[in-house]
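Just below is one structure, and these are the notes that go with it.
The values are calculated or read from the model by the stated rules, or taken from the named source; none is laboratory data. These numbers come from a predicted model, not from an experiment. Positions of Cβ are backbone-derived with ideal geometry, glycine not excepted, and every protein chain shown enters the neighbour counts.
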Amino acid sequence: MRRTPLAVAALAFGLLASSAVAQLPETTVDFVPERVALVVTDPQNDFLSPSGVAWGAVGGSVEANGTVSNLDRLFDAAKKAGIPVFISPHYYYPTDKGWKFEGALERLMHNINMFDRADPLSVEGFEGSGADWLAQYKPYIEDGETVVASPHKVYGPETNDLILQLRKRGIDQVILAGMSANLCVEAHLRELLEQGFEVAVVSDGTAAAQLPGMDGYAAAITNFRMVANEVITTNDVEERLATGYTN
């Protein structure tokens, strides 16, 4: 079959486009001390402790990635480098159980009482609960310097004050880690990008649910690679923060 010049050009363009997609370019973030912060989503017992209500779904991924120890190392590296640390937590109060519609995982979280707190103004029953910080992170989070944002309610920071807190401190670069990879981390990544931040996601500073026929971590890594400004490891973060921030 004879092709018209237009068809030939279209075919050539398609081949070039396919080649370009197959070789996704590498992008990086050059951290600037006064502009960069560590943001950690949901460093809480229900995700990261074997006693947490989500451990049956996420525990294998957490252990495979060394997520608990890697988050500890990220907190330590940020504190030693003097860069600010922000926490975007996930809490549900009794009034949140009155929602009229939910997605599948929202409903599951409500059904298993994940991240439950008794009251927004009281910490009664909070200590050691599923909503509490993993104990080994408390020295970092409760040092009087770490900024704990108001809770996000579904996955992203659109419903809390994280972005306001970052902007008020002149931050426009984020090292992003926490739980869980394809839900809150990815949702934070996408909103931060839309709001004009540079975001480096720490691939081994997160984990996700792995269910029959579903691998949340693999899905997240694919999307991180496609949309983040950089996908980085805990080792990379430690080295760069200890040796002048640049890659």
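Here the condition is being within 16 Å of the chain's Cα centre (by Cα), outside any helix (DSSP H, G or I) and not basic (K, R); of F101, F86, F126, F75, it holds for F86 alone. In this entry, N182 passes the filter for residues that are under 22 Å from V68 (Cβ atoms) and of a type outside the set (A, V, I, L, M, F, W, C). Scanning region 52-75 for residues that are under 22 Å from Y91 (Cβ atoms) and either free of Cβ contacts under 8 Å to residues at least 60 places away in the same chain or out of contact with any helix residue (DSSP H, G or I) (no Cβ under 8 Å at 6 or more places or on another chain) (or both) yields a total of 4. Here the helices (runs of 4 or more DSSP H) wholly within region 135-205 that include at least 2 residues being buried (at least 22 other Cβ atoms within 10 Å of the Cβ) and not hydrophobic (A, V, I, L, M, F, W, C) are 186-194. Scoring V8 on the criteria (1) within 23 Å of I221 (Cβ to Cβ); (2) at pLDDT below 95 leaves a single failure, condition (1).
Criterion first (closer than 23 Å to P120 by Cα and out of contact with any Asp or Glu (no Cβ under 8 Å at 6 or more places or on another chain)) does K168 satisfy it? No; evaluated as a whole, the condition is false for this residue. When region 123-167 is filtered for residues that are at pLDDT 95 or above, among the charged types (D, E, K, R) and under 19 Å from S51 (Cβ atoms), only K138 remains. Under the condition of being at pLDDT below 95 and within 30 Å of N235 (Cβ to Cβ), the residues counted in region 64-103 number 1. Residues of region 76-121 that are surrounded by fewer than 12 Cβ atoms within 10 Å (Cβ to Cβ) and either in contact with a Pro (Cβ under 8 Å, 6 or more places away or on another chain) or within 24 Å of E186 (Cα to Cα) (or both): G82, F101, G103, A104, N111.
The requirement of being buried (at least 19 other Cβ atoms within 10 Å of the Cβ) and at pLDDT 85 or above is satisfied by S61.
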